[in-house]
Every structure is written in C-alpha cells, then in structure tokens.
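First comes the structure, then the notes that go with it.
The values are calculated or read from the model by the stated rules, or taken from the named source; none is laboratory data. Every value quoted in this text rests on a predicted model; they were computed, and no experiment measured them. Glycine also receives a Cβ, built like all others from the backbone with ideal geometry; neighbour counts cover every protein chain displayed.
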Amino acid sequence: MKIYLVGGAIRDKLLGLIPKENDWVVVNSNQKELLDLGYKQVGKQFPVFLHPKTSEEYALARLEKKIDRGHKGFKFDTSKSVTLEQDLFRRDLTINAIAQDENEELIDPYNGIGDINKRIIRHVSEAFCEDPLRVFRVARFCAKLAEYDFSIHETTYEEMKKVVDSKEIETLSKERLWGELSKSFNTKSPWIFFQVLIDSKVAEKYFPELISNEPLKKKIIYFSNTKIEKDVFLSLVGFSIDFVESFGFPKKVLDLYFMFNEFGAKFVSIKLDDKNILDFLNRLDAFRRPERLNIFLNQMQHFFNFHKINEKEKINIFTDLHEIIKEKIEYGDLSSISVEEIKKRVESININIINLVLSKKSK
C-alpha cells in the first residue's frame, strides 16, 4: 500500500498558500485493508475513507466508467491494479492532478506544475465532459485563482461548451450548484464565476439574466471589495427568484433575500413618525425577533453605501430602537386583562418608546 497527497493541497503549496485541507489517494490497497486499519468508509458505494485519527479523506485509487447521465453516473474500479497515474488522469484539471509521495517528491504526469507556472486552468482529458459539475468547478476555480492571474485555456472552454450541448447540466442537483456558487463567494472575485458561465455559454442556455447585466455585475464587484457577510451579500445583489431557486439557496439566505425584497423599498420611503415606525416594526416582527431588525439594518446600510445615499438619521433611529427592543420591553402583568387591552397596552408602550427615541434625535 502506498499513500500520496493529491489535489488542491499540492496546488496551493506550489502557489505559496497554506492548504486548508489535505486529500490522499491510496494505491495498491482495498476496502477491507483500510477498514481493518480503522478507517471509516464514507457511504456504501463511494471508495473514500476517513482516517481514524485525523479524519482526513483517503480515497482508493480508481478508474471511472461513465454508465449514466449526470455526475453520479459512474462505475468505479478500485482494484489494486489501478495506478496513481490512472487515478490522476480521471481528475478534472491538470493543476489538481499532481501528487506528492512520502519523500515529498512530486509526481506530475499531466504537466500540472507547468500550467501552474503559466497560470493556466486546463482539463486533463476529454473525460472532463463526463461530469457536468466540472463546468461550475472550473468557474469557481477561476474565481479563486483570479488574484494569481489564472485564465481558462481555450480548449477547456470548448469542453465546457460540449457539456452545455449535452444538456447534462440539467441532471445536477440544486445542492451541488449551490456548493459551487457559495464557494465562489468566499473568493475575492466572485463575479469571475458568473463571467465564466457567460463565456462558456452556460448562462445563455440556463441563466440568461446574467448576460449584459451591468447592475448585477457592479453590485457583485462592489460588495466583494467591502467587509460584508456572505449571506447578506447574496441577499442584496438582485438575483431573480428563478435564479435563486435554480441554485438552491439555503433557507437562511432565502430569509434574508425575501426580507430585503419585502421591506427594503418600504424602509427607503418610510416617514419618520411614531405610527409609521410602529407599523414597520410590527410588519418586520422586530419586537418578537429583534435580531431580524439588526440584520435588516445591516442590509440597508450596505444598500445605502452602494447607492451613495445618506440615511444616517434613519439608520440611527432604528438602531437605537433595536438596542431597546433587544433588552426585552417590560409590559407589566398581562395575565388578568383581555386580549384587546393587551394590544392597547403593548401599542401604547411601544409608541412611547418610539417617541422617546425620536425626541432625543430631534434635540
């Protein structure tokens, strides 16, 4: 049995980066041997195992045969006869098809080191087309490596266009698409992800709203250069509901997306008097869930900054209200009064709080 460090860890080291995780490939072994050594298999069909101490992933060297549509439509051969070079050949990009042995010697059968030096993103073989997810992985890698001046080789663009023509992209799950999109927003240049989808004709067929969408492009580039939480970022840039659904945005991001779209315009136009403020806070459910108000104000501050709108007074008023609301407002003993009386008391106290804040701001 021989074990090699492979993939992204090697690529990152060669770029002078500290790898975030290590992946290993095991040659001349089998499932039983790894299980006997204490490794835990990930899934019943997939030949990947977790190290008993480090929990890092160790995959049996394998060959893949396409037997069905989609990224899951493969049959694996993990026999001991599979070589390291054969395992590296099935990988997506040359820069991810480099291995390192126990003596830290590099094995690079497909010139990945040369492509790293030339700053080229290039597919390893024509088998690239067999996995439609690779189109989105390439887009994500291009975004990640943009700061190092990497670009996609023209032959790889041609392979990506073949995937589009095959319609296999339609087999991808929303979870897979979200994974690549989400990771692209961890990079310094997330717009590159979308530009690659445009250049490879993916957008033309599946996401036409990306094409010639200068407002979207400006927002993504602007916010990528600010200190903004990723989930808030994704909620503000203006994706259509169709796009959001296609990429399977998770609930926590969807909640922010719908909150901004429902209340953003109302907040811009709201009149700063007690009745309107109370109605807005009630609709936002701010008294029961003050954290919503805090997140919403964060969204609006970023929105105002992008549009160069000065709404400092409005933001400060609602920020002061949040500080009071989050400490839990005391409404007294409500157990012995009617529902109607409870509503009146709560409204009266909330109005008084709002007027207190407004009076302080007017001085």
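Restricting to segment 21-39, and then to whatever is part of a strand (DSSP E or B) and either aromatic (Phe, Trp, Tyr) or at pLDDT below 95 (or both), can you tell me which residue is surrounded by the most Cβ atoms within 10 Å (Cβ to Cβ)? The extreme case among them is Trp24.
When residues of segment 209-224 are filtered for being polar (S, T, N, Q) and closer than 16 Å to Ala146 by Cβ, how many remain? Here the count works out to 1.
Scoring Glu175 on the criteria (1) more than 21 Å from the chain's Cα centre (by Cα); (2) surrounded by fewer than 17 Cβ atoms within 10 Å (Cβ to Cβ) leaves a single failure, condition (1).
Condition first: among the acidic types (Asp, Glu) and either modelled with pLDDT under 95 or surrounded by 12 or more Cβ atoms within 10 Å (Cβ to Cβ) (or both). Now tell me which residues in segment 291-312 satisfy that. Matches in segment 291-312: Glu311 only. With respect to (1) within 23 Å of Asn22 (Cβ to Cβ); (2) surrounded by fewer than 17 Cβ atoms within 10 Å (Cβ to Cβ), the lone exception for Asp77 is condition (1).
With respect to (1) touching a His at 6+ places or on another chain (Cβ under 8 Å); (2) in contact (Cβ under 8 Å) with a residue 60 or more places away in the chain; (3) not in a helix (DSSP H, G or I), the lone exception for Ala286 is condition (2).
Residues that are in contact with a Cys (Cβ under 9 Å, 6 or more places away or on another chain) and not charged (D, E, K, R) were ranked within segment 147-166; the one that is farthest from Val202 (Cα to Cα) is Phe150. The strands (runs of 3 or more DSSP E) found wholly in segment 46-122 and carrying at least 2 residues that are closer than 30 Å to Glu147 by Cβ occupy 57-60.
Let's see how each residue does on (1) surrounded by fewer than 18 Cβ atoms within 10 Å (Cβ to Cβ); (2) assigned by TED's automatic domain parsing to the domain that holds Lys144; (3) within 20 Å of Ala139 (Cβ to Cβ); (4) small (Gly, Ala, Ser):
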site: Glu204; (1), (2), (3), (4): yes, yes, yes, no
site: Gly238; (1), (2), (3), (4): yes, no, yes, yes
site: Val268; (1), (2), (3), (4): yes, no, no, no
site: Asp273; (1), (2), (3), (4): yes, no, no, no
site: Asn276; (1), (2), (3), (4): yes, no, no, no
site: Leu281; (1), (2), (3), (4): no, no, no, no
site: Arg289; (1), (2), (3), (4): yes, no, no, no
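If I filter segment 246-266 down to residues being over 21 Å from Ile309 (Cα atoms) and among the charged types (D, E, K, R), which single residue comes out as surrounded by the most Cβ atoms within 10 Å (Cβ to Cβ)? It comes out as Asp255.
Here's the yes/no breakdown for (1) without any contact (Cβ under 8 Å) to a residue 12 or more places away in the chain; (2) within 21 Å of the chain's Cα centre (by Cα); (3) under 12 Å from Ser200 (Cβ atoms):
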| site | (1), (2), (3) |
| --- | --- |
| Phe89 | no, no, no |
| Ile98 | no, no, no |
| Glu104 | yes, no, no |
| Asp108 | yes, no, no |
| Gly112 | no, no, no |
| Glu130 | no, no, no |
| Val135 | no, yes, yes |
| Val138 | no, yes, yes |
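Are any residues in segment 302-332 polar (S, T, N, Q) and part of a loop (DSSP other than H, G, I, E, B), and if so, which ones? Matches in segment 302-332: Asn310 only.
Per-residue answers, yes or no, for (1) outside any loop (DSSP other than H, G, I, E, B); (2) free of Cβ contacts under 8 Å to residues at least 60 places away in the same chain:
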position	(1), (2)
Val163	yes, yes
Ile169	yes, yes
Asn186	no, yes
Phe193	yes, yes
Ile198	yes, yes
Ala203	yes, yes
Thr226	no, no
Ser235	yes, no
Phe243	yes, yes
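Output the residues belonging to segment 158-172 that are hydroxyl-bearing (Ser, Thr, Tyr) and either buried (at least 19 other Cβ atoms within 10 Å of the Cβ) or under 17 Å from Ser246 (Cβ atoms) (or both). Scanning segment 158-172 gives a single hit, Thr171.
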